Amino acid sequence: MTTFVLALLVFLSILCATHVLTNKDDFLYVNITILQSATAQGAVCLDGSPPAYHLHRGYGTGFRSWIIYLEGGSWCESIPDCLDRSTTSLGSSNHMKQHDFFAGVLHNTSKQNPEFHNWNRVKVKYCDGSSFTSDVEQVHPENKLYLRGARIFKAIMEDLWSKGMKSAENAILTGTSAGGLATMLNCDKFKCLLPESAKVKCVADAAFFINSKTIYGTSYIQELYRKIVNLHGLTKNLPSACTSVMEPSLCLFSQNVIPYIQTPLFIINSIYDSWQVK
Ligand SMILES: *[C@@H]1O[C@H](CO)[C@@H](O)[C@H](O)[C@H]1NC(C)=O
Ligand SMILES: *[C@@H]1O[C@H](CO)[C@@H](O)[C@H](O)[C@H]1NC(C)=O
């Protein structure tokens, strides 16, 4: 009897899961836009290929509202590390998928996304390894490697601006993990791009990495951040009010940089964030 009940429950849960997953309205794939023109400004991925994003247009009451999601995916901290990354989708638009899956705040049904389903929704591909903040003219003559995250952010925002963001009434910049850090670091720049009358907010998700020591007592994250800042030439793109009072790599820590961000910023973070715990 118990076995039968268990089997029935398993069967029913599979049936329910299958039903949810096969409801075709639940899948939204959006084609890629490769921004060829950005290469003229030197706004390129690690391998020199043009940057990319996915845009799904808003309509109705959401027509003049925009939500921009910056993809995450850690960072690269050395030339060999960045060269490795340049052969993957996190470093080259030649390796990105033709279409990407939109879910949650990027979805277009009110069931999955009650607040933003009819907004213009954008996923910006992460291909610079520096949270959209690097800007180095030439890394090393013999390495075909480009560190241009800040230019990518600017080029893509300008392209979206010409596609309607210039008349935005509401705009949210958001992102997860390294994309959440990018959200904080680019929040005020984003605000500056938009009309003065627009309501602009930033939401950093799973990016409040604290400056703590490992269980061995080493400063792993601080060391990592120092390498990233030095390699990617980040100092000039971090808020100068922060870098003028502390070592620039410390300005990658949310706890230190947030006081210098002027645009309203919301934080979503688990106490047990898996990257931080590791
Ligand atoms: C997306 O790309 C595919 C394949 O390149 C194409 O067939 C399809 O029409 C495109 N969809 C839209 C909405 O542009
Ligand atoms: C969501 O987008 C898809 C693909 O563009 C479209 O076919 C579908 O009708 C949209 N759903 C709603 C509720 O707007």
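The values are calculated or read from the model by the stated rules, or taken from the named source; none is laboratory data. All values reported here derive from a predicted model rather than from experimental measurement. Reconstructed Cβ throughout: ideal geometry from the backbone, glycine too, with neighbour counts over all protein chains shown.
For segment 165-186, what are the residues that are assigned to a helix (DSSP H, G or I) and either in contact with a Leu (Cβ under 6 Å, 6 or more places away or on another chain) or modelled with pLDDT under 95 (or both)?
Residues satisfying the conditions are Gly179, Ala182, Thr183.
Return the residues of segment 83-103 that are small (Gly, Ala, Ser) and loosely packed, with under 15 Cβ neighbours inside 10 Å; say none if nothing qualifies.
Of the residues in segment 83-103, the ones small (Gly, Ala, Ser) are 86, 89, 91-93, 103.
Within segment 83-103, just Ala103 meets the criteria.
What's the total number of residues in segment 15-42 that are at pLDDT 60 or above, part of a helix (DSSP H, G or I) and more than 17 Å from Lys125 (Cα to Cα)?
So the answer is 5.
Given (1) under 18 Å from the mean Cα position of the chain (by Cα); (2) touching a residue at least 24 places away in the same chain (Cβ under 8 Å); (3) surrounded by fewer than 23 Cβ atoms within 10 Å (Cβ to Cβ); (4) more than 16 Å from ligand 1 (Cβ to nearest atom), where does Gln112 come up short, assuming only one miss?
(1)
Checking Val105 against (1) within 11 Å of ligand 2 (Cβ to nearest atom); (2) in a helix (DSSP H, G or I), only one condition comes out false. Which one?
All conditions pass for Val105, except number (1).
Hey, among Glu169, Glu142, which residue is of a type outside the set (A, V, I, L, M, F, W, C) and free of Cβ contacts under 8 Å to residues at least 40 places away in the same chain?
On the way: Glu169 fails: free of Cβ contacts under 8 Å to residues at least 40 places away in the same chain.
Being of a type outside the set (A, V, I, L, M, F, W, C) and free of Cβ contacts under 8 Å to residues at least 40 places away in the same chain holds for just one of Glu169, Glu142, which is Glu142.
Within segment 61-82, does at least one residue satisfy the condition of being more than 16 Å from ligand 1 (Cβ to nearest atom), surrounded by fewer than 19 Cβ atoms within 10 Å (Cβ to Cβ), of a type in the set (Ser, Thr, Tyr) and within 19 Å of the chain's Cα centre (by Cα)? It would help to see each step written out before you state the result.
Residues of segment 61-82 more than 16 Å from ligand 1 (Cβ to nearest atom): 61-82.
Next, only the ones that are surrounded by fewer than 19 Cβ atoms within 10 Å (Cβ to Cβ) stay: 61, 63-64, 74, 78-81.
Filter again for of a type in the set (Ser, Thr, Tyr), leaving 61, 74, 78.
Those left that are additionally within 19 Å of the chain's Cα centre (by Cα): 74.
Looking for residues that are more than 16 Å from ligand 1 (Cβ to nearest atom), surrounded by fewer than 19 Cβ atoms within 10 Å (Cβ to Cβ), of a type in the set (Ser, Thr, Tyr) and within 19 Å of the chain's Cα centre (by Cα), one finds at least one in segment 61-82, hence yes.
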